[in-house]
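The structure appears below as structure tokens.
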Amino acid sequence: MTGWLVANAFLRSEKFDDLYRLLIDAFRAQGDNLELYPNSAFASPVDEFPRPRGAAGRPDFVLFWDKDVALARCFEDAGLRVFNTSSAIAVCDDKIKTALAFARCGVPAPRTIFAPMTFDGVERDASGFLHEAAERLGLPMVVKTACGSFGHGVHLAGTLAEAEDIVRGIGCRDFLVQEFVSTSRGEDLRVNVVGGEVVASMRRFNRSDFRSNVTLGGGTEPCEPSHEQREAALAACRATGTDFAGVDILFGQDGAPLVCEVNSNPHFRSTLDCTGVNLAGPIARHVRKNLQTSRNVNVSSARSPQDAE
């Protein structure tokens, strides 16, 4: 099989390139060809098949390692299977949509209130909203932009004045506030799920920041999740519709799991370094198994009753 690995053209680093090599090598190891293309290569009109310049034919699938939801939908509209799907990426990339999905499906998560929206150029006086949120959630509380990665856009407000300063910096962008889970300050559990199975987990910790992200200087250690943590991670993936994901779980009271977020294109190099588990292999196997199952179903449904006799 041949697939296209679609990555962001403008978010480049040695760490990203290394991750793409791991994925390409994993697919090659099982006899599949995975070709890397930046999202900027697909400058096709929306009513035409999205094909990068110089590429021939159609791939069997697209491994979408970006958050360019519109492009992912173009592939799906053209009849291609995209991993993760555009809808899953959209839900995971917007923390408000994630919170709503968790609430609908009963996924345990920190209490969350999303801010009233405004428009570009229209000043938002959020003081009344923040006062109400602080009464319901308590202080300190976490203020997050709806979209953001690697811990960026996540702030801890100890007072209402601090929260108001943070929101002024956010401007017209969507944001939400969450209760601060003090029992999980500076640490969480990253549970990596592929095809409905937990394949690797690690505890992340940061002694100098309330955020545990490795990118922000946090450390890691292998950690076997409890039954409750595993179930919470799997429930979060079902709620968001992901084929594979890195699920971040906070440690609530008495260790009760609270799902913080779901990463639809997890940066799993740190997981490999910590646990020795290369997620590229399970992801490649999941894609192949999923496509083979879909083909078998299509062939079976196309047979006539006489063919089955």
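General remarks:
- Of all residues in the stretch 1-29, those satisfying the criterion of being small (Gly, Ala, Ser), surrounded by 15 or more Cβ atoms within 10 Å (Cβ to Cβ) and outside any helix (DSSP H, G or I) are Gly3, Ala7.
- Filtered by the rule that a residue be farther than 29 Å from Glu231 by Cβ and among the aliphatic types (A, V, I, L, M), the stretch 98-132 gives Ala115, Met117, Val122, Ala126, Leu130.
- Pick from the stretch 105-150, criterion under 15 Å from Gly169 (Cα atoms) and part of a helix (DSSP H, G or I), ranking: modelled with the lowest pLDDT: Ser127
- Note on the stretch 241-274: among residues that are within 22 Å of Val69 (Cβ to Cβ) and not in a strand (DSSP E or B), the one that is nearest to the chain's Cα centre (by Cα) is Ser264.
- Taking first residues from the stretch 114-134 that are touching a residue at least 40 places away in the same chain (Cβ under 8 Å) and partners that are surrounded by fewer than 10 Cβ atoms within 10 Å (Cβ to Cβ), the Cβ contacts under 9 Å between residues at least 6 apart in sequence or on separate chains come to Arg124/Pro116; Ala126/Pro116.
- Val287 being assigned to a strand (DSSP E or B) and crowded, with 17+ Cβ neighbours inside 10 Å: no
- Pairing each residue of the stretch 166-194 that is under 18 Å from Ala134 (Cβ atoms) with any residue that is of a type in the set (Ser, Thr, Tyr), provided the two are 6+ apart or on different chains, yields C-beta distances under 7 Å for Ile170/Thr145; Phe175/Thr145; Leu176/Thr112; Gln178/Thr112.
- Residue satisfying all of: in the stretch 151-208; of a type in the set (A, V, I, L, M, F, W, C) and in a helix (DSSP H, G or I); nearest to Thr242 (Cα to Cα) among these: Ile170
- Residue match in the stretch 30-50 (condition: of a type in the set (Ser, Thr, Tyr), assigned to a loop (DSSP other than H, G, I, E, B) and at pLDDT 95 or above): no
- Residue among Leu137, Leu160 that is outside the structural domain of Glu231 (by TED's automatic domain parsing), surrounded by 13 or more Cβ atoms within 10 Å (Cβ to Cβ) and in contact with an Asp or Glu (Cβ under 6 Å, 6 or more places away or on another chain): Leu137
- Filtering the stretch 60-80 to residues that are surrounded by fewer than 21 Cβ atoms within 10 Å (Cβ to Cβ) and touching a Ser or Thr at 6+ places or on another chain (Cβ under 7 Å) leaves Asp60, Val69, Arg73, Glu76.
The values are calculated or read from the model by the stated rules, or taken from the named source; none is laboratory data. Here the structure is a predicted model, which is why all the values come from computation and not from measurement. Every residue, glycine among them, receives a Cβ derived from its backbone with ideal geometry; neighbour counts consider all protein chains shown.
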